[in-house]
Amino acid sequence: MIIVGNFKEYLSRFEDVDNVARVVGRIKTKHEIILAPSFAHLGIIASRKGIKHIAAQDISIFDAGAHTGEVSGATLQNIGATHVIVGHSERREQGEDDHIVATKIQQALRSNLKVILCIGERERDPHGGYLAFLSEQITSALGGVSEKDYKNILIAYEPIWAIGKNADSAITGESLEETVLYIRKILKERVDEKAFAHIKILYGGSVSAINIANLVVPHIEGFLVGRASTHPDSLKELLNALDS
Ligand code: PGA
């Protein structure tokens, strides 16, 4: 399984970030752990012993130049990032539209960064309109991605209604399985068999030690974890629950 720890803006003290990184650096696990600290902590965490995978939480749409506050793909690559989260709902809320998401994916791939593309509906309507919404998000984000690049794309299905809640509010295993099948169908219609075989789908939204085992359903290859990844104990508990 792939576990992405998205620290969001939770940890302001470097010591707190480093405490999680130390655990990840030392832990013996078969799972691939990708930490996503803030830009400010990225470089130093990437240089910590035992940290193999590190994600930025965002990337600039520009290559370089007069863009105050932006961090380019080249910069992220240079400081040791291996992945970048693109299209997180909390960024989309700040005005990031499908076109910006697609541009950021291109920037990441050009800088040899793997993309963790977040998609997810705000709410579920009884008529299944949210499925068309997911299809549109996938199509617009990946429209410009060449088949050879699909091996560098992870899709994180994160229904907005399930993010940042307690474990009871996460999706059920049954409903997750159905949605993942739908996402795979959309992808299968768009890419050739070889590219399709590379695609990995993660789930995110209130994942913790309490519910993670129930969310291991066919074709889910990992989890994007927010709050439960921000403390060494909750991260360790989550990894234990995954293996139990
Ligand atoms: P959460 O966040 O685990 O705190 O719900 C997940 C995410 O938004 O990536």
Give me the distance between the Cα centres of segment 176-244 and segment 1-46, rounded to whole Å. 18 Å
Scanning the chain for helices, which whole DSSP H stretches are 15 Å or more long along the axis (Cα) and average 0.5 or more by Kyte-Doolittle? 129-142
Along the Cα-to-C-beta direction of residue 168, a point sits 7 Å from the Cα; which residues of segment 200-244 have their amide N less than 19 Å from that point? 205-215, 228
Segment residue 10-residue 110, length gained on full extension (0.36 nm per residue, minus Cα span): 33.1 nm
Once you list every other residue whose beta carbon is under 13 Å from the beta carbon of residue 115, what net charge do they have if Lys and Arg are +1 and Asp and Glu are -1? +3
Could you tell me how many cubic angstrom of Cα convex hull volume the chain has per residue? 121 Å³
Can you work out the FRET efficiency for the pair residue 237 and residue 151, with r the C-beta to C-beta distance and R0 = 41 Å, to the nearest 0.05? 0.85
Segment residue 70-residue 216, length gained on full extension (0.36 nm per residue, minus Cα span): 48.9 nm
Given the rule -39500 (n - 2.57) for each run of at least 4 DSSP H residues, summed and divided by the residues of the chain, what is its mean residue ellipticity at 222 nm, to the nearest 500 deg cm²/dmol? -11500 deg cm²/dmol
At 7 Å along the Cα-to-beta-carbon direction for both residue 136 and residue 194, put a label point, then send me their distance in nm to one decimal. 3.4 nm
Calculated FRET value between residue 127 and residue 99, using beta carbons and R₀ = 25 Å, to 0.05: 0.40
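FYI, it's all coordinate maths here, none of it is from the lab. Treat the numbers as computed from the prediction; the structure is a model and nothing was measured. Note: ideal-geometry Cβ built from the backbone for every residue, glycine included; neighbour counts use all protein chains shown.
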